[in-house]
Each structure stands twice: as C-alpha cells, then as structure tokens.
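Scroll down for the structure; my scribbles are underneath it.
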Amino acid sequence: MLSVNELKFMYRNKDVLKEIGFSIREGEVVAVLGPNGVGKTTLLKCLNRILRPKEGSVLLDDRNLLELGTMEIAKRVGYVPQRVETGRLTAFDAVLLGRRPHIGWDVTSRDLAIVDSIFVKLGMQDLRLSYIDEMSGGELQKVAIARALVQEPRVLLLDEPISNLDLKNQVDILTTIREIAREHKIAAVMTMHDLNQALRFADSFIFLQNGRVHMHGGPEVVTPLVIEKVYGLPVIIGELGGVRCVIPGTCKTGIGE
C-alpha cells in the first residue's frame, strides 16, 4: 500500500535521513522508534511533503506523493502533529476544517455527515460545541485525530500521539487508532517513545539509528540486542499477563525473559 524508497533529507547540509526504505500494508499500525534527534518527526513530515526530501519516492497505491500537489496529498494522507494549535473554535468547526481538501464552493450535507460520524466513532458527541482552547490534552488529541480522519485518508501519520497524556488517555487513543486502521483499512504510522505501548498496540516496528532504518519488521525484531544497539541501554524483555514488556537495565524482575 505504502512504499518508501531511498528517501534522503538534509538540513543545513547535514544528512538527517539516509536512504530510508520500508513498506506498509493497509490496516497496519506501525511504530517508528528511536532516541531523540534521530529523525522520527522529520520522517513523518517527509512522507506527506511538509518537508521536501532531497531524493527518493513515497508511493501510495503506486502514485508518488512527492509529485502531487498539497491538496491532493491532503486527500490521501492525514497528519496529527505532536503539538496541536488551539484557537477560539468549537470542536465541530475544528474538525470540519479537515474536510477542506474535499470542499468545493460550499460545505455539503455529505461533509457534515462525515464529521458527525467521526464524532460518534470517537465517542466525542459531548465535545461538539466545546471550545478547543478549553480542552484537556486527551480531548484536544481526539479532536486532532478526528480532523485528520475526516480527510478520509489512506494513510494516517501521528507524531507522538500519546505524549503528555495520562495512562487512561494513552490507552484510549492507541486503542482508537488501532480500531480505525483495521475498520477503515488505512495504514497508521506513529512515532513513539514508549516501547511498551508500542509493543502492545503496533503491528510492526521501524527502529531508526543515525538517520537510517536499523531494523524493520514485526514483534520478532523487538529484541534486547536491537534496543541496546539503538538506544545504548541494556534491557530485559519479559512477559507479564500475556503481554511482552521492556524493562530497562539488568535488574532481576521475576518474570520470564
């Protein structure tokens, strides 16, 4: 569905991304992992051409997104930034703005119906007329995701979607992302720092190191050796309640490795 080939990006003559390549299936949730400054956010911004790569291609259903106009990309790719800007808008109006790539002369009944359906899907009906500058972090994140979803994208890009959220909101947001990817058959690509949440909710994993893909694959690539190589930290990977988890350091935990 999505194929990234030989992607390169430079910032002030410094290589940030070097020959990045991977492919993603529809319905797949992908976690992009790596330490701070490794290029995770830059990669997302290159995928939808917020930043223009120096070389390479991003093929979505065999069309190179890097050769399309901004509005055409917005019809295919939804983007949720790490920091969501607020203003004196209601949640409904903020989400309706996501329909802009599809709106002609005026908002249609179909546009309104799509927005309504997303509010229902995300359980946000009570927030419709709430102002986004008065919302909690979890509520605002849901509005940002809803705005991206009404674009009817084939790919959803999310930059640290659970940063600064409490544990319940983290689980709620990641559960929603996974359900939407499955039901709508879209690919969801999200940068993350929490390896344990990534293991629980993602289908595949891309580890970045020094601007390159160090490892890409399913849960089998999340190993102590890979994590130590990428993060420079020894870890133990065990199982608790049937769920794999990552524990920093070499302390004895009492759970199986």
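Rule-based calculations on the coordinates, nothing more; no lab input. Note that the structure is predicted; figures quoted are calculated from it, not measured. Because the Cβ atoms are built from the backbone with ideal geometry, glycine has one as well, and the counts that use them run over all protein chains shown.
Taking the Kirkwood radius as Rh and the Cα radius of gyration as Rg, the chain has a ratio of Rg/Rh equal to 0.98.
With the simple model of a label 7 Å out from the Cα in the direction of the Cβ, R244 to K229 spans 1.5 nm.
Placing +1 on each Lys and Arg Cβ and -1 on each Asp and Glu Cβ, with no other charges, gives the stretch 161-257 a dipole about its Cα centre of roughly 140 debye. The stretch between E183 and R212, if pulled fully straight at 0.36 nm per residue, gains 7.3 nm over its current Cα-Cα span. Taking the DSSP bridge list for the chain and keeping only pairs wholly inside it, about 60 percent are antiparallel. In this rough spin-label picture, where each label sits 7 Å from Cα along the Cβ direction, the L129-I103 distance is 2.0 nm.
Distance between the modelled labels on V84 and Y11, one decimal in nanometres: 2.4 nm (7 Å Cα→Cβ projection). Gain on full extension, evaluated as 0.36 nm per residue between A113 and T70 minus their Cα-Cα distance, stands at 13.0 nm. Would you please give the residues with an amide H less than 5 Å from that of I206, counting only those at least 5 places away or on a separate chain, with H modeled from the backbone geometry? Amide H neighbours of I206, under 5 Å, 5+ apart: A31, V32, L33. Across the stretch 60-106, the fraction of Cα-Cα pairs farther apart than 16 Å, rounded to a whole number, is 53%.
Computed from the C-beta positions of V120 and N164, the FRET efficiency with R₀ = 35 Å rounds to 0.85. Its Cα gyration tensor gives the stretch 1-60 an equivalent ellipsoid. The semi-axes, each the square root of 5 times an eigenvalue, are 19, 14, 9 Å from largest down. Here the stretch 140-244 is treated as a sphere whose radius is the Kirkwood value from Cα pairs; by Stokes-Einstein at 4 °C and 1.567 mPa s it diffuses with a coefficient of 86 µm²/s. Given their separation in residues at 0.36 nm each and the Cα-Cα distance between them, E26 and D61 gain 11.6 nm when the chain is fully extended.
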